[in-house]
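Beneath this line is the structure, given in structure tokens, with notes to follow.
The values are calculated or read from the model by the stated rules, or taken from the named source; none is laboratory data. Values in this document were obtained by computation on a predicted structure and should not be read as measured data. As a convention, Cβ positions derive from the backbone with ideal geometry for all residues, glycine included, and neighbour counts pool all protein chains shown.
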């Protein structure tokens, strides 16, 4: 009864800002917001509000501050690291209603958008004029710009064009105090001198405030794009091909790699005409002016052959090219064709070490009795190993989590990182202390608290706790890695 009364009072107070239908307190309504794309962790928020403007966001933040409620910003919920996982007693501020492209200024090659705008919708709006928005996460048809800003998302073509941070030049931010501030460029002019506050906010995973408008850089559509498709006996030869291409000075727009298990899933899910009897494939784009594209593609083709490619070909037309990229971008969802459950990781390694790292990943899977599919951004060494398991089998989920953690440790041992584009979130917080020193972490926390002294925005994310990693203060709860036999990390 007391809980119901509190829920009713919360709804009344927040409904006065966003409207009754946009203040959600029912159990069924809250269930949608219990997790993001990382399904293994769930926590029901106390209320979800869906503001429709910057002013409404600011008013909700001020009320949440008055009520001493943790605030969890949320985009489309497609994140894969638990970045928008609610905290106990939290308010989730969802930005799905704020989905307008506010302004397109091609003279300055910028567009101003709200955070709920779908990534791909920017390119769709710009395409008739010959422009596009470069960052292209695999989920770009459903993920939002606000979420991309929070996680500094990349995508297949970030090799040549960079991540979200390279394309965001201005922001409207609602601070944890409920103030509305403008950061960076306001209309495409050169950025102001001083601290790069836009660079701090992009990738801060919702801990510095809520972004309500984004000024993005847009690019001219390349005159020509050529796609190459190459198959290999194993990931060893494919990894060597990537090193040869990048080492020669060629900077393709994208180089993606899939191993045999990933190919099997993608073919089953999308019907692409990819051979199933190969060990790996590379999907590669080169773009630019036509003369440059033809020369670069010819040189890349020679490197692919020299590395031991079984076959190198180009799509016969644009429809076949689009189907190939559809296959690649559908890879994660395609895993459902070959496994009831999977866990995806997001480690980064030097490109030259792709082959030995993939061998170590395979060994980890074999020792745990689990299959691991690999489909990833080979050009910048951003791995996406997918650990396949069946949650109905006791112990398999914990074993998969253990293997996922050991994969991140392999990446760190090779001089890499625990994340390239998915963010640290809740999932990888316990590994950040293995990548950074205590002094590093204290410095990061100092930057965070400059924005949010009370650390009320997106708590329990990114930073490792002093106890067993992943645990919350209060009653002791065993972490999944402890029950699988590993303790004391984090």
Quick one: count up the residues across the stretch 217-234 that are under 24 Å from the mean Cα position of the chain (by Cα) and either more than 30 Å from residue 109 (Cα to Cα) or crowded, with 23+ Cβ neighbours inside 10 Å (or both).
1
Entirely in the stretch 1-120, the helices (runs of 4 or more DSSP H) that have 3 or more residues that are within 21 Å of residue 176 (Cα to Cα), outside the structural domain of residue 404 (by TED's automatic domain parsing) and modelled with pLDDT of 95 or more
2-18, 54-66
Criterion first (in contact with a strand residue (DSSP E or B) (Cβ under 8 Å, 6 or more places away or on another chain), in the same structural domain as residue 158 (by TED's automatic domain parsing) and crowded, with 24+ Cβ neighbours inside 10 Å) does residue 197 satisfy it?
no
Do you know which residues across the stretch 257-311 are crowded, with 16+ Cβ neighbours inside 10 Å and more than 28 Å from the chain's Cα centre (by Cα)?
278, 293, 296, 297, 300, 301, 303, 304, 307, 309, 310
Among the residues of the stretch 362-395, write down those that are assigned to a helix (DSSP H, G or I) and in contact (Cβ under 8 Å) with a residue 40 or more places away in the chain.
364, 378, 379, 380
Filter the stretch 456-469 down to residues that are crowded, with 21+ Cβ neighbours inside 10 Å and farther than 7 Å from residue 429 by Cα and give me whichever is modelled with the lowest pLDDT.
469
Taking the conditions exactly as written (modelled with pLDDT under 95 and either more than 29 Å from the chain's Cα centre (by Cα) or assigned by TED's automatic domain parsing to the domain that holds residue 366 (or both)), does residue 333 satisfy them or not?
yes
